[in-house]
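**Q** Okay, here's the structure, questions in a sec.
FYI, it's all coordinate maths here, none of it is from the lab. A quick note: this is a predicted structure, and the numbers were derived from the prediction, not measured. All Cβ positions, even for glycine, are placed from backbone atoms using ideal geometry, and neighbour counts span all protein chains on display.
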Amino acid sequence: MAGPDFAELRRTIPLDRVLEYLGIEAKWARKQMRGKCPICKSKIPRVFAATPSIGLFRCFACHASGDCIELVARVREISKYEAAKELQRTFNPP
């Protein structure tokens, strides 16, 4: 069985759906979704920014950034490979 296709997952899984799946509360502010960082657990609201149109996130407190795979890996504290497998199982069932 082949491993997950990272590029395909990044291209096909909307970042806002990943935020919802992970239970991350973020509110729309123009073209971004803003909220508390699920990685560093910052109590500062709006420090975490996710831009679904380009599929990237960034925390301005802990400086974490990346795509949907990186977000799942950081929040779940697992490898990127395991995060990609989780996303594949969840969003791209066989």
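**Q** Can you list residues from other chains, or at least 5 along the same chain, whose modelled amide H is less than 5 Å from the amide H of Leu56?
**A** When sequence neighbours closer than 5 places are left aside, the close amide H contacts are Thr51.
**Q** Considering amide H positions built from the backbone, and no H for Pro or chain starts, which residues 5 or more places from Val47, or on another chain, come under 5 Å of its amide H?
**A** Gly35, Cys37
**Q** So how compact is the chain: Cα radius of gyration and Dmax in angstrom?
**A** 12.8, 43
**Q** Which residues in segment 61-94 place their backbone N less than 19 Å from a point set 7 Å from the Cα of Asp5 along the Cα-to-Cβ direction?
**A** Once the point is set 7 Å along Cα→Cβ of Asp5, 68-70, 81-94 turn out to lie under 19 Å by backbone N, inside segment 61-94.
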